[in-house]
Structures are given as C-alpha cells and as structure tokens.
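Everything on this sheet refers to the single structure shown next.
None of the figures in this text is laboratory data; all of them are computed from the coordinates on show. For clarity, every value in this text was computed on a predicted model and none was experimentally measured. When we count neighbours, we look across all protein chains shown, and the Cβ atoms used for this are built from the backbone with ideal geometry, even at glycine.
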Ligand code: ADP
C-alpha cells in the first residue's frame, strides 16, 4: 500500500486537509448527500461562490474556498450518473479523480480528501468505483511528488471494505 494514501470511516467535512473534494452536481448549487453536508458545514458563502462560477460539466472540476470548513479549499467535481455502465461512466469517474488531483497540484494543495464520488444518489456500484478511485490516485502519485497525502473518506463499512480490498491488491 502506498504510504501517501489512507482510508478512514468518517465525515469528510471534519477533515483537516488542504482540500476536500465535493461530489457535486453540475449546477454547483448544492444537493443532498456529501454535497449538502459540505454546504452546511462551510456556510452560505460557499453557495455564493458556487453561484458565481455558474456550473461544471461531468468529469470536470472547479475550485472554491472552504469558508467555515477546517479544509482551506473545496474541489468540486461532478461524477457520472450510473446508467448501466455502457455510457462512459468509468472514464468520466476516472476523470473526476485525475482532474481533481491536477487542480490540487496547480494550487499547491498537498493534502486532499476524497469521498466515494458517484456512489450515493448517482448509483455507481461501490466495488468498481473504489477500483477506479484507487487506480487513478496510485497512477497520479507515481508521477507527482508534490501531493503528500490522499485520504479516502468512507461513509459506510461497505465503502471502507471496498477501498481496503483495492488498496491491499498486489500491484
Ligand atoms: P453522488 O451524487 O456523487 O452519488 P452522494 O453525496 O449521494 O454523491 O454520495 C457520494 C458518497 O458520499 C456516498 O458513498 C455517500 O455515502 C458518501 N457521503 C455522504 N455524506 C458524506 C460525508 N459527510 N462524508 C463523506 N462521505 C459522505
């Protein structure tokens, strides 16, 4: 297991990292799940900044401040809605992870926490989602020395088990 990667069960809004990633929707105007939790914890200034940005296509990312969160920054990314797996879902989910990490590097962010993007309301199955998340982060870290720590914040035992299995797979 890469010593720069950690997994834990918890609430992403409580993480003391440079940036947390939000599994947003394309309007960036807030929603349920992790998005709702992040907006509640960050306060209304976050929604104001998101409104000014105006939206984000699936697979892409946008950066805002973290306001009342312990994290300095929020990287908003829009995961794909699961439509059976034959509609580019895997590649779009991979883009969320790659683009989030690239944006982090551009802004000097060294510690970053990810939720299990798309695995809630958007319906992406947990095991393949964890596989893509771990593969993309491993590949990125292999070529980038500037990110010090990536935390996968799991909201359920099921998510934790899926990430643990992926992280313990031999390369
Ligand atoms: P999506 O629309 O991308 O599926 P959701 O917010 O519905 O986004 O769910 C994404 C994942 O985030 C799910 O696995 C869900 O259990 C998890 N989650 C929900 N709230 C939190 C939280 N406060 N911290 C970390 N993960 C969370």
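Within segment 133-158, being surrounded by fewer than 22 Cβ atoms within 10 Å (Cβ to Cβ) and within 15 Å of the ligand (Cβ to nearest atom) holds for 151, 155, 156, 157, 158. Among the residues making up segment 101-123, those that are more than 7 Å from the ligand (Cβ to nearest atom), touching a helix residue (DSSP H, G or I) at 6+ places or on another chain (Cβ under 9 Å) and within 27 Å of residue 87 (Cβ to Cβ) are 101, 102, 114.
Taken together, the residues in segment 1-49 that are over 19 Å from residue 163 (Cα atoms) and without any contact (Cβ under 8 Å) to a residue 60 or more places away in the chain amount to 25. Restricting attention to segment 140-162, the residues that are touching a residue at least 24 places away in the same chain (Cβ under 8 Å) and farther than 22 Å from residue 37 by Cβ add up to 6. When segment 77-100 is filtered for residues that are within 11 Å of the ligand (Cβ to nearest atom) and surrounded by fewer than 17 Cβ atoms within 10 Å (Cβ to Cβ), only 81 remains.
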